[in-house]
Ligand code: AMP
Ligand code: MG
């Protein structure tokens, strides 16, 4: 079967309605596109013919050599605070939005290439991507999706036939990314920094129509957009925290208005519970450490709020007062979301006064004894009564027993039967997360030996994170201390 360009029924509202927000641009041609992995489930969800796309023709499209009919490839403009410092112009330096598709649920999704060559926003960069980071983004996106966390996802990963100009000259690659949109806090900052209030309003109206349609009816739609974005981010960060996910580079250009996780560069999952955990090689001061993610989200929302000020009220003092109120409500909003998830993780359905203390005391216990975050919660649900699974993870058993006695007393106040509780806990406490050493192993095999079997296997495991399989035992284990020693992640370059 051949792929006809008609297999992409694009409907490109961004290109159509936001003139001046992007530069039309074509992908760079590459010598030898080859499909590494097509995401069949996602293709089907997008209403595309997966079988037809999993082909040399599909590889040519996703490598950028063939622009499908109806696509309007463009590089989006955006600014951003990176590690706290403002860059008025970042933009898609190696990415191009091809267009938008309406998926089978009726949702509008962006289809974009990443690694498709230089653009007017490339600054010093080469516009390219390497196979390792491309596969990493694929794995992480699918893992997050399977965990029920809003995320961009990779539709296809292709190699280009080039060597990437990176250490070790790894294979060059391009990924096709699907996102609810690519509108970032930094997109608003771009126009705010230029004092272009008309463009800012146009962007806000577009964003409201796409992500917050109810805000259009509010007394103050732009304030309502800030509220909606805060709610989505509070929910998202709470979900990250509940699975131990560390994004690693929460710059304002990497925070979406849609509430999806975006840009899997130096991200990683925490092993032993410690809020100060950082994996990124460039995060010297721990700005984006695990425990800092909620306050950083609030900081980023404050940058969005600043950008929105002229739209919120012509009177600046009034505008500041209004957005400040929204920003101050973020910690409460976040904690409600987070506590609701932590209750679920402990098998608690009803909300009670001391739940926060019970949760925090368990986390303190994990930290004091260096216990693996995911294993501990999973262990609690495996055998709620005997407690053996979780107990084995602790050294100070008396402290563990004291906490579980409190937990059991608390569980006694619940109506759920132990059987249904165990099942419910297993639905929220993953047994398989992308363990850093397994991810590295899979990427190394692919990059160094073109052996994609470990990648495929890991992808299969991560797609079913909640049901234990004996044959997958190794994927549930944290790294040995030797494997974990000095583990670092690098920005997705
Ligand atoms: P990121 O760290 O991936 O979120 O990217 C931050 C900014 O750097 C964005 O403007 C990217 O487009 C740009 N960028 C990252 N890598 C490259 C590259 N290899 N070539 C050109 N631009 C890049
Ligand atoms: Mg980015």
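Laboratory data are not the source of any read-out in this text; all were calculated from the coordinates shown. No experiment lies behind these values; they were computed from the predicted model shown. Cβ: placed from backbone, ideal geometry, glycine included. Neighbour counts: every protein chain shown.
Remarks
- In the chain, the DSSP-assigned H stretches of four residues or longer account for a calculated mean residue ellipticity at 222 nm of -14000 deg cm²/dmol, using -39500 (n - 2.57) per stretch and the full residue count as denominator.
- Pairwise FRET efficiency - residue 388 versus residue 320, Cβ, R0 = 41 Å, nearest 0.05: 0.15
- Where only C-alpha atoms are counted, convex hull volume of segment 186-343 per residue in Å³: 115
- Segment 422-479 and segment 57-85: distance between their alpha carbon centers, rounded to Å: 30
- Computed over segment 186-343: relative contact order in percent, which uses C-alpha pairs under 8 Å that are six or more apart: 28
- Span from the segment 136-198 Cα centroid across to the segment 345-413 one, whole angstrom: 37
- Of the three principal axes defined by the Cα atoms of segment 115-185, the extents in descending order read 35, 26, 17 Å.
- Rg and Dmax over the alpha-carbon atoms of segment 69-112 stand at 14.0, 41 Å.
- With a simple spin-label model that places each label point 7 Å from the Cα along the Cα-to-Cβ direction, the separation between residue 405 and residue 104 comes to 5.4 nm.
- Over the Cα atoms of the chain, the radius of gyration divided by the Kirkwood radius equals 0.97; this is the Rg/Rh ratio.
- Full-stretch length increase - residue 165, residue 456 - with 0.36 nm per residue and alpha-carbon distance subtracted: 102.2 nm
- Percentage relative contact order, the chain, counting C-alpha pairs under 8 Å, at least six apart: 14
- FRET efficiency for residue 29 and residue 467, using Cβ-Cβ distance with R0 set to 56 Å, rounded to 0.05: 0.80
- Cα principal axis extents for segment 13-182, largest first, Å: 42, 40, 34
- Full-stretch length increase - residue 55, residue 427 - with 0.36 nm per residue and alpha-carbon distance subtracted: 130.3 nm
- Scattering curve values for segment 15-108, log₁₀ I(q)/I(0), Debye with Cα scatterers, q = 0.20 Å⁻¹: -1.08
- Label zone of residue 417 (point 7 Å out along Cα→Cβ, amide N under 15 Å): in segment 336-370 this covers no residue at all.
- Using the Cβ-Cβ distance between residue 284 and residue 220 with R0 set to 60 Å, the FRET efficiency works out to roughly 0.90.
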